[in-house]
1. Given the DSSP H assignment, sum -39500 (n - 2.57) over each helix run of at least 4 residues in the chain and divide by its residue total; what's the result at 222 nm in deg cm²/dmol, nearest 500?
2. Roughly how far apart, in whole Å, are the Cα centres of the range 120-163 and the range 1-26?
3. Could you calculate the contour length gain from ARG233 to LEU84, that is, 0.36 nm times the residue separation minus the distance between their Cα atoms, to one decimal place in nm?
4. Please report, to one decimal in angstroms, the Kirkwood hydrodynamic radius of the range 161-245 built from all distinct Cα-Cα pairs.
5. Let me know the longest stretch in the chain that avoids all GluC sites (Glu not before Pro) found in a DSSP loop with at most 11 other C-beta atoms within 10 Å.
6. Give, in nm to one decimal, the length gained when the segment between GLU251 and LYS38 is fully stretched (0.36 nm per residue of separation minus the Cα-Cα distance).
7. To the nearest 20 Debye, how big is the dipole of the chain about its Cα centre, given +1 on the beta carbon of each Lys and Arg and -1 on that of each Asp and Glu?
8. When a/c reaches 1.5 or more, the comparison of a/b and b/c decides; with that in mind, is the range 1-41 rounded, prolate or oblate per its Cα gyration tensor?
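Coordinate-derived values only; no laboratory data. What you see is a predicted model; the values in this text were computed from it and never measured. Positions of Cβ are generated from backbone atoms using ideal geometry, with glycine treated the same way; all protein chains shown enter the neighbour counts.
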Amino acid sequence: MMEIPINTLHLFEPLELKLIELLKSLTREDWNKPTLAKRWTVKDVTAHLLDTQLRALALSKNYVGETPPNLNSYQELVVYLNQLNADWVNAMKRVNPDALITLLESTQKSYIDYLHTLKPFDRAAFSVAWAGEHESYNWFHLAREYTERWHHQQQIREAVNKQGIMNREFFFPLIQTLAENETVIKVIINGEEGGVWQIQYQHQQWNFTTSTRNTPTTIISLSPDTSWKIFTRALSREAANERVTISGNKELGQPIFNMTSVMA
């Protein structure tokens, strides 16, 4: 039996249970708080999670709903999907938070059951376009779906200051998925006191590298003063955000804010 490069299927159920637990703990004020998802509030992000869950269930019944237009480029696909998402979120503004939770919870098991029917090495219904693939296996489609569920839940958690999925169990598969093979992250600590470090993702693991063969996917730049304060947890996430510059794939740069190099 072939080994699945990134196995995320077993994580969907605990991740989704944590989502419901989180949503049930929110106050009325929490639902209206802004998130990192640009103009979307906590309620908007929750509505989007419901949308993707229901779309998957529709696909399980071979139902698409509407035929997408002819798309000739990746950018056209992004524009189309953004509009599709916005239409749903705007319509769901009429729905109260309790109803959103009920809808998510009542369709959760069917959604996860459907994911378990997908054979890992069969061709996925949709390719993982952001990875440059025109055809993808289901295992990669599932990993992509996992990153979608994880990062939107984390956006809600950031907005309401409730952690719970920023740990190795849930986070490492996310980074495995987002990091294509031979992805390179460069960390630059500016000034005479600083230096340059690179870590490379290769053969399912991260290692330091001095090679300049691959162009960095993500570049993180910060001052010496900011670096020691982040690594010793002397800065809040909000303060650190203002002091760190991340270019390229910004998602891959986010772990810098959670690094701790002392017993704290």
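1. Using -39500 (n - 2.57) per qualifying helix, the result is -15000 deg cm²/dmol.
2. If we compute the Cα centre of each part, the gap is 11 Å.
3. 49.7 nm
4. One decimal place: 14.5 Å for the Kirkwood radius.
5. That gives 194-264 as the longest site-free run.
6. 75.2 nm
7. 440
8. In terms of gyration-tensor shape, oblate.
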